[in-house]
Structures are given as C-alpha cells and as structure tokens.
1. Against the definition (exposed (fewer than 13 other Cβ atoms within 10 Å of the Cβ) and among the acidic types (Asp, Glu)), how does Asp45 come out, yes or no?
2. Test Glu92 against the stated conditions and say whether it is at pLDDT 95 or above and not in a strand (DSSP E or B).
3. Does Gly74 fit the bill of being modelled with pLDDT under 95, more than 17 Å from Leu130 (Cα to Cα) and over 11 Å from the mean Cα position of the chain (by Cα)?
4. Across the range 93-122, which residue is surrounded by the most Cβ atoms within 10 Å (Cβ to Cβ) among those that are under 17 Å from the mean Cα position of the chain (by Cα) and within 21 Å of Asp46 (Cα to Cα)?
5. Out of the range 61-85, which residues are of a type in the set (Asp, Glu) and over 22 Å from Lys113 (Cα atoms)?
6. Report whether or not Trp90 is touching a Gly at 6+ places or on another chain (Cβ under 6 Å) and either in contact (Cβ under 8 Å) with a residue 24 or more places away in the chain or surrounded by 15 or more Cβ atoms within 10 Å (Cβ to Cβ) (or both).
7. Given the condition over 16 Å from the mean Cα position of the chain (by Cα), modelled with pLDDT of 95 or more and either surrounded by fewer than 16 Cβ atoms within 10 Å (Cβ to Cβ) or closer than 24 Å to Lys133 by Cβ (or both), answer yes or no: does some residue in the range 11-23 qualify?
Amino acid sequence: MVVSSVKELEMKKWLAAMFAAGVFFVGGFGQASAADWYYIDADADDAAWFIDNSSVYKTDDAATVLVKINNVEGFTYIYTVRIDRKEKTWTELDTTVYSAAGVALLSSKDAQKPTKIEDDTMGAEVMQALWGK
C-alpha cells in the first residue's frame, strides 16, 4: 500500500511537470509570444524598428501600439506608445528592456512626456505605417 501511494505521488508530480511544460509550450513565454511584429525600418544607428500589429488600437485621431527596437548591441526595447495623429506627438507609456537572451533587464510603467514627431524620423515612419500618407 505504501509503494502504491509513492507511485501515485510520483505520477502526480510527473503529470504536474508535464502540464507546466505544456502551458509554457502552448502559451508561450518571453517578450514576444503573442506578437505579430511588422518591420518598419532601421534608424541612423542601424537599430531595427517594428510595430506589433496585434497590439494596435487605432482611431482616426490616435493610436496605441507596441513598438520594438532591436539595437546592434543585442538589446531589445519594447515600448507601449500613444501617438496623437493631429498633434503629431509620441508618448511612451511604458518601457521594457531585454538582453540578447530575452531576459528583462529594466521595466518602467512611468509615462514620459509627449514629444513632437518630426518629419523624416522613425516616429513619422511609424505614423505612416499606422495611417498611411
């Protein structure tokens, strides 16, 4: 009877481990598990810019979107950005920085002050991708 309960306990542990592995495998983990990253362009420092199509919330006046920047040093920056189309401003609502291995190094939920989006900048290219023209 003791052997049976030990085997049952081991089986339950094994099933729990398999379930946890399945959750990670199916549900994903890391920085971009459910994202649909669309390449925008590379900036002057050769960092690649993307927007997450699955995160876009857009009206005629404004948009909120995840923006990812992969720099040449291997760091990834993911920002939640609010863009005011009429005012042509960019507001970073939160930021997370990841190492090349995908480990979160820094995270901030502090919204930054809006900055003006100038012509011929990456912000202007993001606006172009969101609204055209």
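1. Details: exposed (fewer than 13 other Cβ atoms within 10 Å of the Cβ): yes; among the acidic types (Asp, Glu): yes.
Here the answer is yes, as Asp45 does meet what is asked.
2. For Glu92, the condition - at pLDDT 95 or above and not in a strand (DSSP E or B) - is not met.
3. So Gly74 fails the test.
4. Of all residues in the range 93-122, those under 17 Å from the mean Cα position of the chain (by Cα) come to 93-111.
Narrowing further to those that are within 21 Å of Asp46 (Cα to Cα): 95-102.
Values: Thr95: 18, Thr96: 18, Val97: 17, Tyr98: 21, Ser99: 12, Ala100: 10, Ala101: 8, Gly102: 11.
Restricting to residues being under 17 Å from the mean Cα position of the chain (by Cα) and within 21 Å of Asp46 (Cα to Cα), the top hit is Tyr98.
5. Listed by number, the list holds a single entry, Glu73.
6. Numbers: touching a Gly at 6+ places or on another chain (Cβ under 6 Å): yes; either in contact (Cβ under 8 Å) with a residue 24 or more places away in the chain or surrounded by 15 or more Cβ atoms within 10 Å (Cβ to Cβ) (or both): yes.
Taking the combined requirement at face value, the residue satisfies it.
7. No, every residue in the range 11-23 fails to be over 16 Å from the mean Cα position of the chain (by Cα), modelled with pLDDT of 95 or more and either surrounded by fewer than 16 Cβ atoms within 10 Å (Cβ to Cβ) or closer than 24 Å to Lys133 by Cβ (or both).
The values are calculated or read from the model by the stated rules, or taken from the named source; none is laboratory data. Just so you know, these numbers come straight off a predicted model, no measurement behind them. Cβ sites come from the backbone with ideal geometry, for glycine too, and all protein chains shown count toward neighbours.
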